[in-house]
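Here the structure comes first, spelled out in structure tokens, and everything after it is commentary.
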Amino acid sequence: MHGGKTNQQTRILVVEDEAHLAIGIRYNLEAEGFDVTVVEDGRSALEVVDKNPRQIDIVILDLMLPGMSGYAVCETLRANGEDMPILILSARTLPEDRKRGFDVGADQYMMKPFDLDEFISRVKNLLAARNRRDQARQREEPETLKHFEFRDVKIDFEAFQVVCGDKPIRLTQLEAKLLRYFCENEGRIIPRNELLTEVWQMSPNITTRAPDQFILRMRKLFERDPSNPQHFITIRDAGYQFLAREAAAEANDAAPEETSPE
């Protein structure tokens with residue numbers, strides 16, 4: 001639980017390609033007792049988060065990175081369902097740069113050069129706000145499904161782990177969230193806009209292929225024959241349906257075959 005973490009347990013990911021600046025940031029954060037990981041490019045940052053689900057508490061993010069911009073990193077993290085605070089630290093000073101940073105999901109934007117005391121204060125304030133939000137969410141949210149089994153599949157939602165037969169599978173946070181929503185609503189036809197609202201936290205009016213892509217991912221992971229799904233069913237003009245038992249032939253006929261989005 002984030003609310004009970006000490007500085008020593010709090011993990012900070014710093015994404016900065018200027019070595020001297022990265023060293024200085026790391027030194028000062030570690031002096032405050034934080035556990036700090038430093039990477040120098042965006043793709044490495046995404047890999048660290050993917051390998052440490054629910055363990056990165058805040059991201060300090062430069063914008064001008066090799067290969068993949070900080071904007072793209074922030075946008076990808078949010079699209080994947082990651083909700084940790086993101087503090088952009090950049091030499092870009094134009095108002096449109098700041099606006100774009102907030103548009104892609106950043107919580108704070110600081111311009112280089114920056115005051116060290118203010119930087120540390122902002123990091124601590126973001127973490128404190130995250131802790132308060134998580135504690136409030138735990139008090140308000142009903143008990144969520146922690147484990148589920150169907151066919152030869154065993155799911156541990158808390159650990160983001162699945163065993164399919166004897167094959168272990170690791171889920172991303174968003175994959176686990178989507179799968180849990182299906183399992184909690186097993187047998188019910190779920191409209192596509194409901195998935196956008198409840199899983200992606202998006203407006204139901206947004207045009208996106210994200211649900212379709214994730215349904216294809218679920219089928220590749222769990223169906224014996226992904227081209228003939230028996231568990232993750234598309235209901236024409238209605239939405240999606242998850243069946244723990246394999247679908248009857250007539251029910252599956254209602255699902256048009258989907259192809260991977262371009």
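The values are calculated or read from the model by the stated rules, or taken from the named source; none is laboratory data. A quick note: this is a predicted structure, and the numbers were derived from the prediction, not measured. Cβ coordinates were reconstructed from backbone atoms using ideal geometry, including for glycine residues, and neighbour counts include every protein chain displayed. Heads up: the accessible areas ignore ligands, DNA and RNA and are worked out on the full protein's heavy atoms, side chains in. Shrake-Rupley method; radii C 1.70, N 1.55, O 1.52, S 1.80 Å.
Multiply the residue gap between Glu198 and Ala79 by 0.36 nm, knock off their C-alpha separation, and tell me the result in nm, one decimal place.
Separation in residues times 0.36 nm, less the Cα-Cα distance, equals 41.5 nm.
Could you state the accessible area per residue of the chain in Å², with a 1.4 Å probe and every protein chain left in place?
With all protein chains present, the chain gives 53 Å² per residue.
Can you pull a Stokes-Einstein diffusion coefficient for the stretch 14-73 at 4 °C (1.567 mPa s), Rh from Kirkwood over Cα pairs, as a whole number of µm²/s? Spell out each step's value before the answer.
Working: Rh = 11.7 Å.
Once the numbers are plugged in, D ends up at 110 µm²/s.
Rank Lys99, Lys220 by accessible area, highest first, at a 1.4 Å probe radius?
Output order, biggest surface exposure first: Lys220, Lys99.
When only Cα pairs under 8 Å and 6 or more residues apart are kept, what is the percent relative contact order across the stretch 28-122?
Numbers: 110 pairs, mean separation 22.3, N = 95.
Relative CO of the stretch 28-122 lands at 24 percent.
Extension gain Glu96-Glu118, at 0.36 nm per residue separation less the Cα-Cα distance, in nm?
So the chain would gain 5.7 nm between Glu96 and Glu118.
On a 1.4 Å probe surface of the protein chains, which of Arg92, Arg224 comes out largest in accessible area, and what is the full order?
On the way: Arg92 90, Arg224 165 Å².
Descending accessible area places them as Arg224, Arg92.
Quote the accessible area belonging to Arg217 in square angstrom, nearest 10, computed with a 1.4 Å probe and with ligands, DNA and RNA left uncounted.
Accessible area of Arg217: about 90 Å².
Compute the separation of the alpha-carbon centres of the stretch 48-94 and the stretch 187-246 and state it in Å as a whole number.
What the calculation gives is 27 Å, centre to centre.
Asp134 to Ile189: extension gain in nm, 0.36 nm per residue of separation minus the Cα-Cα distance?
Numbers: separation 55, 0.36 × 55 = 19.80 nm, distance 3.02 nm.
Extra length from Asp134 to Ile189 when fully extended: 16.8 nm.
Hey, any idea what % of the stretch 1-96's accessible area is carbon plus sulfur with a 1.4 Å probe?
Reported share for carbon and sulfur atoms: 49 percent.
Return the label of the correct value of Rg and Dmax of the Cα atoms in Å, as calculated from the structure shown, out of (i) 19.4, 65; (ii) 17.8, 55; (iii) 20.6, 66.
Given (i) 19.4, 65; (ii) 17.8, 55; (iii) 20.6, 66, the calculated one carries the label (iii).
Students sometimes get this wrong: rank Asp62, Asp166, Asp17 by accessible area, probe 1.4 Å, all chains present, largest first.
Working: Asp62 5, Asp166 140, Asp17 60 Å².
The ordering from most to least exposed comes out as Asp166, Asp17, Asp62.
Points 7 angstrom from Cα along the Cβ direction at Arg151 and Thr207: gap in nanometres?
Inter-label distance under the simple model: 3.4 nm.
Using the beta-carbon distance between Ser69 and Ala244 and R0 = 30 Å, what value does 1/(1 + (r/R0)^6) give for FRET efficiency, to the nearest 0.05?
Here the calculated transfer efficiency is 0.10.
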